[in-house]
Each structure stands twice: as structure tokens, then as C-alpha cells.
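Chemist: This is the structure I have questions about; it appears just below.
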Amino acid sequence: MTRKHIHEEEFGISSDEMFHLLITPSKIRDWWGAARVIVLPEENGTWMAAWGENEDNPDYITAFTISAFEPPNRLLFTDAKYTASGEKLPFEAEMITEFAIKDNEIGCVLKVNQEGFPSDSSADEYFEGCKKGWTDTFAGIRKSIGTSL
């Protein structure tokens with residue numbers, strides 16, 4: 001049994017612009033505060049970010065395979081890998097993250113669905129951290145594009 005997060009908000013930019021924000025390393029660094037980002041923007045490509053000043057020993061690393069690359073409406077990340085100060089998560093999980101983008105009357109709606117969190121207590125802290133993380137991430141995107149919508 002697993003848990004998931006779903007977070008959805010409207011933005012005053014087009015689906016094309018939003019998709020570009022999600023796959024462009026310099027933009028990702030801006031809205032996510034990562035020190036380094038690598039993206040191979042294609043199906044079966046790579047999406048990876050790291051935080052911290054020490055490139056040889058980053059504070060955090062997250063990496064995914066891009067299993068679906070459907071501009072400008074969908075990205076599906078699988079094969080999630082995460083470390084904090086070189087330590088892996090205290091649980092095993094097959095987590096996926098999907099970004100779905102749809103045009104609307106003011107611009108677009110960005111919806112993230114992150115699932116596969118184990119329901120046992122070993123994943124509670126990470127689950128709650130990700131919940132806050134999506135709120136912060138969407139605020140970072142909003143700040144990056146300079147809109148209050």
C-alpha cells in the first residue's frame with residue numbers, strides 16, 4: 001500500500017512556457033534553488049538536480065528517468081533516486097512523479113502527482129517533507145515567472 005501527493009495550481013503563462021520551465025536547467029535552478037541541474041529532455045532521458053556548495057559532495061541529489069516526454073502537456077519521471085548527505089532514503093520505493101499541464105483561460109494549470117510513498121512510518125518524514133516541498137516548489141515557479149496567479 002502506498003501514498004501520494006497531488007498538487008495543482010493555475011499560472012498566467014502558456015503550457016509551452018510552463019513545459020520549458022520544467023526542462024530547462026537554468027530555469028529549474030531558478031525556481032527550485034538547485035546548485036546544479038542536468039536534463040536530457042527526451043523520452044528515456046535524464047532529469048537530475050543537486051544542492052549544496054560542494055560539487056564533489058552535494059547536500060542533496062535527486063535523479064529521475066524521463067519515461068514520458070510529451071511537450072507541452074506531460075512529463076513522467078520514474079526510477080527515482082535520492083540522497084541526503086550521501087545517505088539513501090530509509091525505505092525502498094518505486095516512486096513516480098508526473099507533471100500534467102493544461103491550457104486554461106488565464107494561461108495554464110500545472111498538476112503534479114507524486115506517488116509510491118510507502119504507508120509505513122519509515123517514510124513519514126520524507127512524505128511530509130515532499131508535501132511541503134511541492135508548496136514551496138510551486139511558490140518558486142510563481143516567483144520565477146513573476147506572477148501572483
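Chemist: Please work out which residue is farthest from Thr2 (Cα to Cα), limiting yourself to segment 42-85 and to residues that are more than 13 Å from the chain's Cα centre (by Cα) and small (Gly, Ala, Ser).
Modeler: Across segment 42-85, the extreme among qualifying residues is Gly52.
Chemist: Continuing with the same structure: Considering (1) surrounded by 16 or more Cβ atoms within 10 Å (Cβ to Cβ); (2) closer than 22 Å to Glu87 by Cβ, say which one Met18 fails and leave the rest.
Modeler: Failing condition for Met18: (2).
Chemist: Considering only segment 114-135, state which residues are within 16 Å of the chain's Cα centre (by Cα), surrounded by 14 or more Cβ atoms within 10 Å (Cβ to Cβ) and without any contact (Cβ under 8 Å) to a residue 24 or more places away in the chain.
Modeler: Passing the criteria: only Gly133.
Chemist: Looking at segment 63-87, which of its residues are part of a strand (DSSP E or B), modelled with pLDDT of 95 or more and not charged (D, E, K, R)?
Modeler: Once the filter is applied, which keeps residues that are part of a strand (DSSP E or B), modelled with pLDDT of 95 or more and not charged (D, E, K, R), segment 63-87 yields Ala63, Phe64, Thr65, Ile66, Ser67, Ala68, Phe69, Leu75, Leu76, Phe77, Thr78.
Chemist: Please state which of the following conditions Lys88 fails to meet, knowing it meets all the rest: (1) touching a strand residue (DSSP E or B) at 6+ places or on another chain (Cβ under 6 Å); (2) farther than 15 Å from Ile6 by Cα; (3) of a type in the set (Lys, Arg).
Modeler: Condition not satisfied by Lys88: (1).
Chemist: Modelled with pLDDT of 95 or more, within 18 Å of Val109 (Cβ to Cβ) and either of a type in the set (A, V, I, L, M) or surrounded by fewer than 18 Cβ atoms within 10 Å (Cβ to Cβ) (or both): does that describe Asn44?
Modeler: Judged against the criteria, Asn44 is not a match.
Chemist: State yes or no: is Ile38 under 15 Å from the mean Cα position of the chain (by Cα), aliphatic (A, V, I, L, M), farther than 24 Å from Ala123 by Cα and surrounded by fewer than 15 Cβ atoms within 10 Å (Cβ to Cβ)?
Modeler: So Ile38 passes the test.
Chemist: With the structure loaded, tell me whether Asp16 is more than 21 Å from Asp136 (Cα to Cα) and part of a helix (DSSP H, G or I) or whether it fails that test.
Modeler: Judged against the criteria, Asp16 is a match.
Chemist: Return the pair list, or none, for Cβ contacts closer than 6 Å from residues in segment 1-30 that are free of Cβ contacts under 8 Å to residues at least 24 places away in the same chain to residues that are surrounded by 14 or more Cβ atoms within 10 Å (Cβ to Cβ) and not hydroxyl-bearing (Ser, Thr, Tyr), at least 6 apart or on different chains.
Modeler: Pro25/Val37; Pro25/Val39; Ile28/Val37; Arg29/Val37
Chemist: I need a count of the residues in segment 50-62 that are of a type outside the set (Gly, Ala, Ser) and not in a strand (DSSP E or B).
Modeler: Residues in segment 50-62 being of a type outside the set (Gly, Ala, Ser) and not in a strand (DSSP E or B): 7 in total.
Chemist: Restricting to segment 61-113, count the residues that are acidic (Asp, Glu) and surrounded by 17 or more Cβ atoms within 10 Å (Cβ to Cβ).
Modeler: Qualifying residue count for the region: 1.
Chemist: Can you tell me which of Ala93, Ala123, Ala84 is farther than 27 Å from Met18 by Cα and touching a Leu at 6+ places or on another chain (Cβ under 8 Å)?
Modeler: Ala123
The values are calculated or read from the model by the stated rules, or taken from the named source; none is laboratory data. Fair warning: this is a prediction, and the values are worked out from it, not measured in the lab. Glycine also receives a Cβ, built like all others from the backbone with ideal geometry; neighbour counts cover every protein chain displayed.
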